[in-house]
Amino acid sequence: MEQVGRQSAQTDSLLAVADELTRLTYFRGRVALAAILRALGIRAGDEVLLQAFTCVAVPEAIMSVGARPTYVDVEERGVNMDPADLEGKIGSATKAIIIQHSFGLPADVIRLREIARSKSIPLIEDCAHAIASRVDGQLVGTFGNAAFYSYEAAKPVFAGIGGSAIANDDVLRQRIASDYELLEEPPTLTQLETAAMVLAHRIAYQPATYWTLRSMFRAISATGLIPGNYNKIATSQGPAVDFRRTMGRIQVGALRRELKNIDKQTSQRRTVGAQYRSLITSARASHMAIPANVDPVFGRYPLFVEDRSELIERARAAKVEVAVFYDTPVHPLKGQKLRTVGYEPGSCPNAEWASDRIISLPTGMTVGSSQIQRAVNLLNG
Ligand SMILES: *Cc1c(COP(=O)(O)O)cnc(C)c1O
């Protein structure tokens, strides 16, 4: 594997990282990850470690370069990779490790990076839920060799669909940049459709309209008129065309506008997260443990609840936004389908425990004090 180059100087400036995010932009987050894997030279026969309790986008990117996804469990009563399980799963074919900062709560990057370094295996950070979170004052995304981001509706920055890659290593950055030259922009029509979807979302979405919009989106997706959230997993015929695409320039424009507000967004998410944390006191809902050196900015606020299906019914009736992801170890795959992305049911018990109990609450700009109060009442009541 390549030697680790010079680290970026600005690992604590949110504006510097935000600026980086507009340079290497891809059709989706998973496409950015695939580009990082290509630049690392990952190929058929290689193994890439990732956590269970993730989204199918991640193994899909690994499989798009012909490599094999292998799952590491999350910490007990947690949502991020367990360093002890990681150590046991590294083998001779392991060529990269992807860690995930679920919901904006940073993974134990210090220990995870130590393990990766001790075996000279590159570390990639999945920042799909986390842009402004910090560990020891340093921003997530700047600890590993590279990181990727996603801009779908449920992510901290919404620009339609899209993703970015950043590299913290000069050699790797060069390779990602050369690979980037080979990609193509999506057709203008695709970009316009996505822009229309963003506009409709901005007009219609409020936490109180969540359940109505969700049913509408599912109904329209089923007709095939708009793209659903998940494409087909790449097969032996090679990666789908999406894996050769950059982010549309219309979407990059939206991304730039959103990133201009990143400071304001971040302080809103901090305030809302802190309110959920202090006001939700029910014994039936448990908050995530937050280590002292960690400063999380929650893209969504996660909780573990018992009796989840009953809670969801009450949330729907009360028009309170409560999302359930990931409700399987590799969302949205269930049962035997998990094997298609290399997950053996039962193999990561903590991830399965978490996927049976997780819920999350919104923290974005549209969340006002009355929605917070309603969510708190729902959970405490
Ligand atoms: C959303 C998401 C991604 C990437 O999603 P894309 O749809 O490819 O942009 C990757 N990892 C996690 C954990 C995600 O939630």
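The values are calculated or read from the model by the stated rules, or taken from the named source; none is laboratory data. For clarity, every value in this text was computed on a predicted model and none was experimentally measured. Positions of Cβ are backbone-derived with ideal geometry, glycine not excepted, and every protein chain shown enters the neighbour counts. Surface areas here come from the heavy atoms of the whole protein model, side chains and all, with no ligands, DNA or RNA. Shrake-Rupley method; radii C 1.70, N 1.55, O 1.52, S 1.80 Å.
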First measure r as the distance between the Cβ atoms of Arg111 and Glu181, then evaluate 1/(1 + (r/R0)^6) with R0 = 41 Å and state the FRET efficiency to the nearest 0.05.
0.65
Tally up the carbon and sulfur contribution to the accessible surface of the chain as a whole percent, 1.4 Å probe, everything protein left in place.
53 percent
With a/c under 1.5 counting as rounded, go ahead and sort segment 155-199 into rounded, prolate or oblate using the C-alpha gyration tensor (a ≥ b ≥ c being the square roots of the eigenvalues; past the cut-off, prolate if a/b is larger than b/c, else oblate).
oblate
Rounded if a/c under 1.5, otherwise prolate or oblate - segment 105-152, Cα gyration tensor axes
oblate
Can you tell me the Rg and Dmax of the chain, counting just the alpha carbons, in angstroms?
19.5, 55
Taking a ≥ b ≥ c as the square roots of the Cα gyration tensor eigenvalues, with a/c under 1.5 meaning rounded and otherwise prolate when a/b beats b/c, else oblate, which class fits segment 44-145?
prolate
In segment 243-381, if every C-alpha pair distance is counted and binned at 10 Å from zero, what percent goes to each bin?
10, 32, 31, 24, 3
For the chain, what is the accessible area per residue in Å², given a 1.4 Å probe and the full set of protein chains?
42 Å²
Please report, to two decimal places, log10 I(q)/I(0) for segment 91-234 at q = 0.10, 0.11 Å⁻¹ as given by the Debye formula with identical point scatterers on the Cα atoms and no solvent.
-0.47, -0.57
Expressed in square angstrom to the nearest 10, the accessible area of Glu310 with a 1.4 Å probe stands at 80 Å²
With every protein chain in place, what's the accessible area of Glu114 (1.4 Å probe, Å², nearest 10)?
120 Å²
Would you tell me the accessible area of Glu344, worked out with a 1.4 angstrom probe on the heavy atoms of the protein chains, in Å² to the nearest 10?
90 Å²
Within straight-line cross-link reach of Lys95, aspartates and glutamates at Cα separation under 15 Å, skipping those fewer than 8 residues along the same chain:
Glu2, Asp46, Glu47, Glu87, Glu125
With a point put 7 Å past each Cα toward its Cβ, work out how far Lys119 is from Met365 in nm, to one decimal.
4.2 nm
Say the dipole of segment 235-311 comes from +1 at the beta carbon of Lys and Arg and -1 at that of Asp and Glu; which of Gly253, Phe298, Ala285 then lies farthest toward its positive end?
Gly253
Hey, in the GNM for the chain with a 10 angstrom Cα cutoff, which one of Ala147, Ala200, Ala107 fluctuates hardest?
Ala200
Toy charge model, Lys and Arg Cβ at +1, Asp and Glu Cβ at -1: the chain dipole around Cα centroid in debye, rounded to 20, equals 880 debye
Within the chain, helix-based [θ] at 222 nm, where runs of 4 or more DSSP H residues each add -39,500 (n - 2.57), nearest 500
-12000 deg cm²/dmol
If the cut-off is a Cα-Cα distance under 30 Å, which lysines reach Lys89, setting aside same-chain residues fewer than 8 apart in sequence?
Lys119, Lys155, Lys232, Lys334, Lys337
